[in-house]
Amino acid sequence: MKSKLVILDANVIIDMHRNKIWDRVVSLYAVHIPSIVASDEAVYFISRGDNQKHDINLGNDITSKRVRILEATADDIKLLKDKVTDDYFNSIDPGELEAIALLCSGAYENFKFCTGDKAAIKALTVFDLTHQGISLEKLLSEISIKLDGFSKNYSETEFKKQQGYGLQEKDFYLQ
Amino acid sequence: MTVKETIGKRIKEERTRLNLSQEDLAQKIGWKEHVKISSIERGERDIKAWELSKIASVLKIDMNKLMGDLSSCEASLPFVFWRRKPKRHEEIQAEFLKKSEDYSLVERLLKVEKKERKLPHEDLNVNSANDADVYRMAASVRDQLGLGKFPAKSLAQILEDIYGVKFIIEDLDDGGSAATSISSSLGPCILLNCNEVPWRQHFSIAHELFHLITWNECLFQILHENSLLHEKNERLAESFAAGLLLPEENVRDEIAKLLAGTTSINYVEIISLSRQFEVSALALIYRMANLQIISWSKAKEINVDPEFIRLNTLANQSRKRGLLLSDRFLRLSYQAYATGKISRAKFAKMLGVPLIDLGSVLEERGLVEDIESCEIEISNS
């Protein structure tokens, strides 16, 4: 039984492939991916060794049930849209919006959303989902992987900092 | 109306606007059958978020606009004036407006949108106006904008940074040329062809500036129905561009310097001078004819002279490509991304680059991604 239910954003998936830790992560966590991220965004990665573009073959992972795809409905997205200003809604990519819409639906209370994207971390706070966010540094530390080679954006310190900004800015974005 | 019914109506509306059939839309999304589109448009089918995202992307519109109120969306669509419409102009126009909206969104998120000065406005009677009128207008605009002796060098930057003109650069591959829009929601916007060389882009910017300055939607409707008047208006815009980028006094001064006591100048000097003004050699030659520095017959003769064509082609090969992306838009959108005001994937889409290439594209422009949030306290004094 895998210990934790996690939802990953596109940048995290790409960088896990780039740093060759994908297989280890999916073997230890119950990895879930928003459908928009799976179909449109986490498609390629550039490997560290040869600096070449490689396919991210999520199809195989899905078939073998190593990862699961989560699909939000248009109604879930509409509920999210109605909570915030149009400008704020438009500032976040559909892949991240879908992840947040899923969490907002209440059906995924035990899931953690892992992202290093400043706007997405802030969005978790704006939608009162701070407790459902997790930094990549923390996620990896729980399976004894260090953040070496990853961007500073994935650190726990940066994650906390962005949550703080989200709290400060929240009132500007809510309808 | 339910969410799916609203979305269905909006999708139909936008698909029709782009002149796409249900089959076309299904094909662009990658669906084998159009039955799904038909059932979505009738409001019968529950739509998944990824389907909505894909449809919005093909229709070149933000997802929220497919879930919004029909009348407000319709009312807010700005008018676009085309110099010459390319074949697939509906799609290009939608892309132009989408990118202009992205640009405006970034401005609003950074709270910079209301700081720019207003462009001058001139009422123009196309029927009675002549070249002399637009040359006077060009001289006045050049002074008001503070463009200096070599206007092409600073025109784009001044229009963007001081007057808030948005430059959207697209691949208008089948020969379509620039377009202009001005609206309360988006402000002044100019669409440029990325396939144009820099000096042609400068001319296009000056040409489109004429339309912005003389903007009159009633006139555009008349021009749409009267091709002769449309052609005249375009000729006036070309004269304005020549007058703006090649000021009479400066052209005469520079030619006098080249003559320096002699009575002739050679092709290399002409081409070199055109570089100084950052316009094409041909534009300079025609301006010289217009200023009666040379005769029109001489200008036409030079235009077809194989030696001039050879030298000009060689000189052009060493010139850089034109604008591919507005500097100001890159700067503002990067600022919005770096401060967490837009997400990374959104930023990549705004720049039109795949997510995995974003890092290298930014690196090429000296912009870094691996940023810790460090803030500097600024004192009020």
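The values are calculated or read from the model by the stated rules, or taken from the named source; none is laboratory data. Remember, predicted model here, so these are calculated numbers, not experimental data. Because the Cβ atoms are built from the backbone with ideal geometry, glycine has one as well, and the counts that use them run over all protein chains shown.
In segment B:136-152, what residues are touching a Ser or Thr at 6+ places or on another chain (Cβ under 9 Å) and surrounded by fewer than 20 Cβ atoms within 10 Å (Cβ to Cβ)? Residues satisfying the conditions are B:Gly146, B:Gly148.
Per the conditions (1) over 17 Å from the mean Cα position of the chain (by Cα); (2) farther than 19 Å from B:Arg344 by Cα; (3) within 11 Å of chain B (Cβ to nearest Cβ); (4) surrounded by 16 or more Cβ atoms within 10 Å (Cβ to Cβ), the sole criterion not satisfied by A:Ile46 is (2).
With a requirement of 3 or more residues that are modelled with pLDDT of 90 or more and within 14 Å of another protein chain (Cβ to nearest Cβ), the helices (runs of 4 or more DSSP H) lying completely within segment B:62-166 that satisfy it span B:63-66, B:89-109. Go through the residues of segment B:315-326 one by one and say whether even a single one is surrounded by 17 or more Cβ atoms within 10 Å (Cβ to Cβ) and either among the β-branched types (Val, Ile, Thr) or assigned to a helix (DSSP H, G or I) (or both). Looking for residues that are surrounded by 17 or more Cβ atoms within 10 Å (Cβ to Cβ) and either among the β-branched types (Val, Ile, Thr) or assigned to a helix (DSSP H, G or I) (or both), one finds none in segment B:315-326, hence no. Among the residues of segment A:92-137, those that are away from every other protein chain (no Cβ under 13 Å) and among the small types (Gly, Ala, Ser) comprise A:Gly106, A:Ala107, A:Gly133, A:Ser135. Kindly provide the set of residues from segment A:49-79 that are within 19 Å of A:Cys114 (Cα to Cα) and either in contact with a helix residue (DSSP H, G or I) (Cβ under 6 Å, 6 or more places away or on another chain) or facing chain B (nearest Cβ under 10 Å) (or both), ordered by number. Result: A:Ile56, A:Leu58, A:Arg66, A:Val67, A:Ile69, A:Leu70, A:Glu71, A:Ala72.
So that you can scan it fast, the table gives a plain yes or no per residue for (1) part of a helix (DSSP H, G or I); (2) under 15 Å from B:Met288 (Cα atoms); (3) of a type in the set (Lys, Arg):
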position	(1), (2), (3)
B:Ser177	no, no, no
B:Ala206	yes, no, no
B:Phe210	yes, no, no
B:Phe220	yes, no, no
B:Glu231	yes, no, no
B:Leu236	yes, no, no
B:Ala256	yes, yes, no
B:Ile271	yes, yes, no
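The residue that is surrounded by the fewest Cβ atoms within 10 Å (Cβ to Cβ), among those in segment B:6-29 that are without any contact (Cβ under 8 Å) to a residue 24 or more places away in the chain and among the small types (Gly, Ala, Ser), is B:Ser21. Can B:Lys320 be described as at pLDDT 95 or above and under 25 Å from the mean Cα position of the chain (by Cα)? Judged against the criteria, B:Lys320 is not a match.
Of all the numbered requirements in (1) free of Cβ contacts under 8 Å to residues at least 40 places away in the same chain; (2) closer than 22 Å to B:Lys48 by Cα, A:Leu103 misses one, and that requirement is (1). Counted as qualifying within segment B:16-59 are the helices (runs of 4 or more DSSP H) with 1 or more residues that are over 17 Å from A:Ser39 (Cβ atoms), modelled with pLDDT of 95 or more and more than 13 Å from chain A (Cβ to nearest Cβ), namely B:22-29, B:35-41. Filtered by the rule that a residue be more than 10 Å from every other protein chain (Cβ to nearest Cβ) and of a type in the set (Phe, Trp, Tyr), segment A:155-171 gives a lone residue, A:Phe159.
Considering only segment A:49-64, state which residues are under 19 Å from the mean Cα position of the chain (by Cα) and surrounded by fewer than 18 Cβ atoms within 10 Å (Cβ to Cβ). Residues satisfying the conditions are A:Asn57, A:Gly59, A:Ile62. Scanning segment B:170-192 for residues that are in contact with a Ser or Thr (Cβ under 8 Å, 6 or more places away or on another chain), surrounded by 22 or more Cβ atoms within 10 Å (Cβ to Cβ) and not small (Gly, Ala, Ser) yields a total of 5.
Put simply, of A:Gly149, A:Gly164 the only residue that is more than 19 Å from A:Val6 (Cα to Cα), without any contact (Cβ under 8 Å) to a residue 40 or more places away in the chain and either of a type outside the set (A, V, I, L, M, F, W, C) or not in a helix (DSSP H, G or I) (or both) is A:Gly164.
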